[in-house]
1. Plugging the Kirkwood radius over Cα pairs into Stokes-Einstein for segment 122-242, at a temperature of 4 °C and a viscosity of 1.567 mPa s, what D comes out in µm²/s?
2. Would you mind computing, in nm to one decimal, how far apart the modelled labels at residue 211 and residue 138 are, each placed 7 Å from Cα along Cα→Cβ?
3. Order the peptides 74-80, 59-65, 106-112, 13-19 from the highest to the lowest mean number of other Cβ atoms within 10 Å of their residues.
4. According to a simple spin-label model (label point 7 Å from Cα along Cα-to-Cβ), what is the distance in nm between residue 166 and residue 230?
5. Could you sort 181-187, 90-96 so that the peptide with the highest average Cβ count within 10 Å comes first and the rest follow in order?
6. Could you tell me the calculated FRET efficiency between residue 237 and residue 118, based on Cβ-Cβ distance and R0 = 30 angstrom, to the nearest 0.05?
7. With 28 Å as the limit, write out which pairs from 81/153; 169/196; 81/169; 71/187; 71/111; 111/200 have Cα-Cα distances beyond it, or answer none.
8. Please compute the length gained on full extension between residue 98 and residue 149, using 0.36 nm multiplied by the number of residues separating them and subtracting their Cα-Cα distance.
Amino acid sequence: MGIFGKWLGGGLGFVMGGPIGGLLGFLVGSMIDSTTVQSSTYSTGTARTTQGDFGMSLLVLVAAVMKADGKIVKSELDYVKQFFIRQFGQESAKQAVLMLKDILKQEIPVKDVCIQIRGNMDYSSRLQLLHLLFNVSLADTLIHTSEIEIIEKISSYLGVASGDFLSIKNMFIPETDSSYKILEIDKSSTDDDVKKAYRKMAMKYHPDKVSHLGDEYRKTAEEKFKKVNEAYEKIKKERNLI
């Protein structure tokens, strides 16, 4: 097994077929021994997402977001590299960035890729993908309108509810009453509704939901969980809630 095989040891399934496989097949084959990769047909989307499937899906969608504004920024590439270093180590991260650079040279059928992911990836992992895409888009400290637009399209194609997209978006790009939007409620909501919304969101974004993806993915999930708590505390303070 090659260097990158350690990362893919978590399993490659659905990404080896369909449009994602078309983008990655040659690259994967050149980096790991072919006997370590098992392809699968489309599933029902209820199976637990593997680390390898998630990582490959992330690479393709990151490339789509990076290409959205018509330029590739070094800070975005550096962010992705540092993320993979923390998750998989220096050598595997190096291979991941090489793959990303190659994907960036290709035309990415975003809708088809997202439909493939939607049909095979659990909902919590799809929410995690969106969170990481916003992270990458802000790596250069400025998120472009074109990047927001492509992430919103990706969210829709992935089957993510509009409220969930707006919640995650407000964690990165605060709007009016952003704390309420993070909790997916209106400012006119009752105190009881606020408490119920917090419990619901805390459960939805609990890091344990994506613990199967590995420690680094769990760490980024904790960022969402923290934002939910911060939003709730801000609303409590405004309303003098106990």
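1. On the way: Rh = 14.7 Å.
The diffusion coefficient I find is 88 µm²/s.
2. Here the modelled spin labels are 2.6 nm apart.
3. Working: 74-80: 16.7, 59-65: 24.3, 106-112: 14.6, 13-19: 21.3.
Packing order, densest peptide first, comes out as 59-65, 13-19, 74-80, 106-112.
4. Going from the residue 230 label point to the residue 166 one covers 2.1 nm.
5. Details: 181-187: 19.7, 90-96: 17.9.
Result, highest mean Cβ count within 10 Å first: 181-187, 90-96.
6. Numbers: r = 38 Å, r/R0 = 1.27.
For R0 = 30 Å, the calculated efficiency reads 0.20.
7. Values: 81/153 25 Å; 169/196 21 Å; 81/169 23 Å; 71/187 38 Å; 71/111 21 Å; 111/200 30 Å.
Table pairs above 28 Å Cα-Cα are 71/187; 111/200.
8. Numbers: separation 51, 0.36 × 51 = 18.36 nm, distance 2.62 nm.
Length gained, residue 98 through residue 149: 15.7 nm.
Values in this text are rule-based calculations from the coordinates and carry no lab data. The model shown is predicted, which means the values in this text are computed figures rather than measured ones. Glycine gets a Cβ as well: all are built from the backbone with ideal geometry, and neighbour counts include every protein chain shown.
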